[in-house]
Amino acid sequence: MAYSYEEAVEYIGEIPRFTKKHTLEHTKEFLRRLGNPAFDRKIIHVAGTNGKGSVCAYLQALLTAEGKNVGFFTSPHLVSVNERIRRNNVPIDDRVFLTVFTEVLAVVRQMEEEGLEHPSYFEFLFGMGMKAFAGMDAEYIILETGLGGRLDATNSVEHPYLTLITSISLDHTEILGGTIREIAGEKAGIIKPQVPVFYDGSSKEASEVIRSAALEKGAPCREISKNAFEIQEVTRKYIAFSRANAYDKDVIDMRIPICGCYQAMNAEIALEAAEYLLREEEVHTERWQRALSSLHWEGRMEEAAPHLIIDGAHNPGAIEAFVDSMKALGADKGEGPVLLFAAVSDKKYEQMIAYLCAHLNARAYVATEVEDARRVPAAELARVFRKYTAGKVCCEADLRDALCAAEAERGEDGDIYCLGSLYLAGMIKKLTASGQQFV
């Protein structure tokens, strides 16, 4: 049957109901039947607990600034599933989406006829992404892992050009392991023989694991430390930092229109990766400065409406980084902000809430829910907040009601910060895009 775009999106959305994650061998066979699309391009493979999406976004911006065409596969999406497959950071249009969906589905039907299982949701979209990239004039392809690294579908690409590993903290512990060393081992699974790996060296434990894995694979290894840059200024609108230019060692100032302090490290990883990728070409620092300063990366300390900021922090490490950024902004002074929070059940939501209550002054907490089967009930989140704070806690399961409650609590000069889940960020973006007011 012929599918419309809407029917294709609906079909993909139904995939989790009838199949599950498969082995890398299954994904390799899937890609082989697709013709190993885009395997001849320069592929940059990115893993990590936090920051990998931002690193990918910065790197594609830098490469695009130098006139390169860049394919970018990322997850999750906030509003439209097209967001997961991008060319020069622009999501593919509905026509291209439907074309590659139809091509991939035909291959999947043949696989099923031969007794092979249907790819999972992520695997199917990954196949679509590679088919889309094969049809583009993309020189570089940036692949963001979905979960972990070693067993992630994206790791079926055996010969990347460069691998990057961002910050590592505790997340998905029931799958990846309960310690930083175990999780780092899973992330380091993307390291390939002789392929350079650049990584965030902030964690001593994670760094030891990554260096050991690189040595075993004979992969050139570069640790990026906080000494590589110096944060100059943090405001609600941007973060400014300086770094030494790899070519002439002059100090170069960079500015990113996202206020999270952790974004300086993410940008530095991308900058050093770009310097490596373009090492045989003339690069233009002023282009890089403009590219970073004009980048819009949704759901990361993003002002969705006046006094309403959404952030995708959804694990303990990201929450700690969020708190550091709030303190750098001075946002916890006085009465502090209103925090609107939602979470899914497979995240360490009690640990996140405990940290927020212990380390950040807030005028009120509003617990709400996301539209997902794994959502934590607002009443449960409110109970946990009351366990760790004597401050005001509101409970509104409906997001619109929760936003209204948060607006009522913020007063005339307060801000509302929404965090705990990227699903929450996406839901708020949909509501604000519709022009709804929450007063």
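The values are calculated or read from the model by the stated rules, or taken from the named source; none is laboratory data. Since the structure is predicted, the reported quantities are computational estimates derived from the model, not experimental observations. FYI the Cβ positions are ideal-geometry reconstructions off the backbone, even for glycines, and counts take in every protein chain you see.
Observations on the structure shown:
- Restricted to helices (runs of 4 or more DSSP H) entirely inside segment 120-204, those with at least 3 residues that are more than 27 Å from residue 16 (Cβ to Cβ) are 180-187.
- Residues that are under 16 Å from residue 41 (Cα atoms) and not hydrophobic (A, V, I, L, M, F, W, C), drawn from segment 107-153: 127, 129, 131, 135, 137, 139, 140, 144
- Test: residue in segment 110-130 that is among the small types (Gly, Ala, Ser), touching a Pro at 6+ places or on another chain (Cβ under 8 Å) and at pLDDT 95 or above: yes
- Checked against (1) more than 20 Å from residue 156 (Cβ to Cβ); (2) not in a helix (DSSP H, G or I), residue 102 meets all criteria but (2).
A quick yes/no check of all residues on (1) in the same structural domain as residue 166 (by TED's automatic domain parsing); (2) farther than 27 Å from residue 236 by Cα; (3) within 22 Å of the chain's Cα centre (by Cα):
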residue	(1), (2), (3)
321	no, no, yes
327	no, no, no
331	no, no, no
338	no, no, no
345	no, yes, yes
358	no, no, no
381	no, yes, no
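- Within segment 85-105, residues that are at positive phi have Cβ atoms under 8 Å from residues that are surrounded by fewer than 18 Cβ atoms within 10 Å (Cβ to Cβ) in these pairs: 88/69, counting only partners at least 6 apart in sequence or on another chain.
- Filtered residues of segment 407-426 (kept if under 14 Å from residue 369 (Cα atoms) and either surrounded by 24 or more Cβ atoms within 10 Å (Cβ to Cβ) or at pLDDT 90 or above (or both)): 418, 419, 420, 421, 424, 425
- Identity of the residue in segment 321-342, surrounded by 18 or more Cβ atoms within 10 Å (Cβ to Cβ) and not hydrophobic (A, V, I, L, M, F, W, C), that ends up modelled with the highest pLDDT: 337
- Test result for residue 367, surrounded by fewer than 19 Cβ atoms within 10 Å (Cβ to Cβ) and either in contact with a strand residue (DSSP E or B) (Cβ under 7 Å, 6 or more places away or on another chain) or closer than 18 Å to residue 422 by Cβ (or both): no
- Any hit, segment 95-102, residues being at pLDDT below 95 and under 23 Å from the mean Cα position of the chain (by Cα): no
- Number of residues in segment 297-320 that are out of contact with any helix residue (DSSP H, G or I) (no Cβ under 9 Å at 6 or more places or on another chain) and either assigned to a loop (DSSP other than H, G, I, E, B) or modelled with pLDDT under 85 (or both) equals 3.
- The test for being within 14 Å of the chain's Cα centre (by Cα) and either closer than 22 Å to residue 12 by Cα or surrounded by fewer than 24 Cβ atoms within 10 Å (Cβ to Cβ) (or both) holds for residue 77.
- From the options 83, 114, residue that is among the charged types (D, E, K, R) and surrounded by fewer than 17 Cβ atoms within 10 Å (Cβ to Cβ): 114
- Odd one out for residue 71, checked against (1) assigned to a helix (DSSP H, G or I); (2) in contact (Cβ under 8 Å) with a residue 60 or more places away in the chain; (3) of a type outside the set (Ser, Thr, Tyr); (4) buried (at least 19 other Cβ atoms within 10 Å of the Cβ): (1)
- Taking every residue in segment 233-244 that is within 18 Å of residue 321 (Cβ to Cβ) and in contact (Cβ under 8 Å) with a residue 12 or more places away in the chain and pairing it with any residue that is surrounded by 15 or more Cβ atoms within 10 Å (Cβ to Cβ) and among the basic types (Lys, Arg), at least 6 positions away or on another chain, the pairs with Cβ-Cβ distances below 7 Å are 238/255; 240/255.
- Which numbered condition residue 6 fails, given (1) in a loop (DSSP other than H, G, I, E, B); (2) exposed (fewer than 14 other Cβ atoms within 10 Å of the Cβ): (1)
- Within segment 114-153, considering residues that are touching a helix residue (DSSP H, G or I) at 6+ places or on another chain (Cβ under 6 Å) and among the hydroxyl-bearing types (Ser, Thr, Tyr), the one nearest to residue 30 (Cα to Cα): 121
Conditions (1) among the charged types (D, E, K, R); (2) surrounded by fewer than 16 Cβ atoms within 10 Å (Cβ to Cβ); (3) part of a helix (DSSP H, G or I); (4) outside the structural domain of residue 178 (by TED's automatic domain parsing), marked per residue:
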residue: 11; (1), (2), (3), (4): no, yes, yes, no
residue: 15; (1), (2), (3), (4): no, no, yes, no
residue: 20; (1), (2), (3), (4): yes, yes, no, no
residue: 37; (1), (2), (3), (4): no, no, no, no
residue: 40; (1), (2), (3), (4): yes, yes, no, no
residue: 44; (1), (2), (3), (4): no, no, no, no
residue: 55; (1), (2), (3), (4): no, no, yes, no
residue: 63; (1), (2), (3), (4): no, no, yes, no
